[in-house]
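The values are calculated or read from the model by the stated rules, or taken from the named source; none is laboratory data. In this text, all values refer to a predicted model and were calculated from it rather than measured experimentally. For neighbour counting, all protein chains shown are included, and Cβ atoms are generated from backbone atoms with ideal geometry for every residue, glycine included.
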Amino acid sequence: MPHRSRKTLGIILTVVLLVTMFMGVGPGLRLINPDPQRPGSAFSLFGLPTVYAWGLLWYAVQLIIILVACFTVWRTDGDENARGD
């Protein structure tokens with residue numbers, strides 16, 4: 001992968017990771033937190049509390065981002081090692 005493409009992908013992954021960190025524990029909780037006063041509120045999703053499932057979803061997205069970065073952005077090619085960079 002060319003250096004420029006790798007750098008662009010790194011910037012995109014960094015921005016998306018920051019969004020996931022913000023949405024997982026920040027205002028994203030306000031989007032899914034059930035209203036206890038509303039009669040039809042769902043307090044669980046797939047047998048897990050809704051807030052916990054929301055956090056797990058964002059952690060899974062973060063794991064995918066880290067794996068993509070590991071195999072593309074953080075990967076070193078043979079010529080970089082030969083130059084000593």
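Here segment 53-76 is the region considered, the condition is being farther than 20 Å from Leu18 by Cβ and exposed (fewer than 11 other Cβ atoms within 10 Å of the Cβ), and the residue that is modelled with the highest pLDDT is Phe71. Summed over segment 1-49, the residues that are under 28 Å from Arg75 (Cβ atoms), exposed (fewer than 12 other Cβ atoms within 10 Å of the Cβ) and of a type in the set (S, T, N, Q) give a count of 1.
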